[in-house]
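A.B. asks: Before I ask anything, let me first share the structure, which is written out below as structure tokens.
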Amino acid sequence: MSDLVRYEPAGEVTTVTLDSPASRNALSSALLTQLREALADALGDPGCRVVVLTGADPAFCSGADLKESRTSPAAAPELFPQILQLIWDSHKPVVCRVNGSARAGGIGLVAACDIAVASQSATFGFSEVRIGATPAIIAVPCLRRMEPRAAAEYFLTGETFDAQRATEIGLLTGAVPKIQLDEEIARYTDLLLRGAPGALAATKRVLREAGALPVATGLARMAELSAARFASEECRHGMAAFAEKRAPDWAVPH
């Protein structure tokens, strides 16, 4: 796709790779522009059902491109929030393959994804305060994943932490040895492909909305959504396949 982001469709799974290893995949305005384009292409591709976001070794993402930020502080002020929103609101599941260290904005990408699995050797750190900045934008997805006390600890101190700790505090789904990372990502993508596309999109909506609504409002809205799904052609097909002990169309290899 470009010189800074790789776009690799493989069947119903598309992998988007931050591919600027010399800068540890820093979020320059050029990389962000290409990343937004790649994600939009994957999410708009009817043949793609799951997106995997990863980085070119040795790092996942070092955060903002500080060299660019020193010379052009407002080079791309709107791009990063747009990308986080695109991932968060995606109707398709987005799986983060955390191949190496993540810092600052890189952790925001991890938090925005639906599922995030890291190499056990990966490390994490909110380094913003140590350079006089603040983890403001990434706080939006991160505070929806992390335990509040842990967020305060790591936002304020800038201390690095390992993948096991990142899993304990809710930032990661899990961590495995680097040699097993691809196998674990494939396990999750295979599981996601068993779900109906419309049902996965609706379930992402449930995850975004249900916990934030007042109880009475939430129950009413979720009852409407549940009824709409049960009445959908997709669900009728899935229930018929279950009754007939066969795989539904979306779960059959294409």
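A.B. asks: Determine the shape class of the stretch 155-254: with a ≥ b ≥ c the square roots of the Cα gyration tensor eigenvalues, call it rounded for a/c under 1.5, and otherwise prolate if a/b is greater than b/c, oblate otherwise.
C.D. replies: oblate
A.B. asks: Per residue and in Å³, how big is the convex hull formed by the alpha-carbon atoms of the stretch 123-162?
C.D. replies: 63
A.B. asks: Based on DSSP H assignment, which helices of the chain show an axial Cα extent of at least 30 Å together with a mean Kyte-Doolittle hydropathy greater than or equal to -1.0?
C.D. replies: none
A.B. asks: Restricting to the stretch 1-72, compute how many DSSP beta bridges are antiparallel as a %, nearest 5.
C.D. replies: Bridges in the stretch 1-72 that DSSP calls antiparallel: roughly 45 percent.
A.B. asks: Suppose each label sits 7 Å from its Cα in the direction of the beta carbon; what would the residue 210-residue 140 distance come out to in nanometres?
C.D. replies: Placing both labels 7 Å beyond Cα along the Cβ direction yields 2.4 nm.
A.B. asks: Then there is this: Using 0.36 nm times the number of residues separating residue 164 and residue 6, minus their current alpha carbon distance, what extension gain do you get?
C.D. replies: 54.0 nm
A.B. asks: Here's something else I'd like to know. Which lysines have a Cα less than 22 Å from the Cα of residue 204, not counting those fewer than 8 places away in the same chain?
C.D. replies: Within the straight-line limit of under 22 Å, residue 204 reaches these lysines: 92.
A.B. asks: FRET efficiency for residue 232 and residue 71, Cβ-Cβ distance as r, R0 = 41 Å, nearest 0.05?
C.D. replies: My answer for the efficiency is 0.20.
A.B. asks: While we're looking at this one, here's another question. Could you tell me whether the stretch 94-135 comes out rounded, prolate or oblate from its Cα gyration tensor? Rule is a ≥ b ≥ c as square roots of the eigenvalues, rounded for a/c under 1.5, then prolate if a/b exceeds b/c, otherwise oblate.
C.D. replies: Oblate shape, in that a/c is at least 1.5 and b/c is the bigger or equal ratio.
A.B. asks: Right, another one. Report, for the stretch 56-202, the % of DSSP beta bridges that are antiparallel, rounded to 5.
C.D. replies: Rounded to the nearest five, the antiparallel share is 15 percent.
A.B. asks: Taking a cut-off of 20 Å between Cα atoms, list the aspartates and glutamates near residue 67, but don't count ones fewer than 8 places away on the same chain.
C.D. replies: Straight-line reach from residue 67, under 20 Å: 3, 19, 78, 128.
A.B. asks: Work out Dmax and Rg for the stretch 5-193 from the C-alpha atoms and quote the Rg first, both in angstrom.
C.D. replies: Cα radius of gyration and Dmax of the stretch 5-193 are 15.3, 45 Å respectively.
A.B. asks: Next up: How long, wide and thick is the stretch 197-251, going by the Cα atoms along their three principal axes, in whole angstroms, largest first?
C.D. replies: Sorted from largest, the Cα extents of the stretch 197-251 read 39, 16, 15 Å.
A.B. asks: Check cross-link reach from residue 245 to the aspartates and glutamates: straight Cα distance under 19 Å, and skip same-chain residues fewer than eight apart.
C.D. replies: Within the straight-line cut-off, residue 245 pairs with 233, 234.
A.B. asks: Report the gain in length on full extension from residue 225 to residue 89: 0.36 nm times residue separation, minus Cα-Cα distance, nm rounded to one decimal.
C.D. replies: My answer for the length gained is 47.3 nm.
A.B. asks: Sticking with this structure for a sec: Which order, highest average first, do 98-111, 174-187 follow once you tally other Cβ atoms within 10 Å for each residue and take the mean per peptide?
C.D. replies: In descending order of packing, they fall as 98-111, 174-187.
A.B. asks: Name the long-range amide H neighbours of residue 55: under 5 Å, sequence gap of 5 or more, or other chain; modelled H, no Pro or chain starts.
C.D. replies: 18, 99
A.B. asks: OK, next. Hey, got the Cα dimensions of the stretch 95-223 along the principal axes, in Å, largest first?
C.D. replies: Each principal axis gives a Cα extent; for the stretch 95-223 these are 46, 37, 20 Å.
Just so you know, all these numbers are worked out from the coordinates, no wet-lab data involved. Everything numeric here is computed off the predicted structure, so don't read it as measured data. Reconstructed Cβ throughout: ideal geometry from the backbone, glycine too, with neighbour counts over all protein chains shown.
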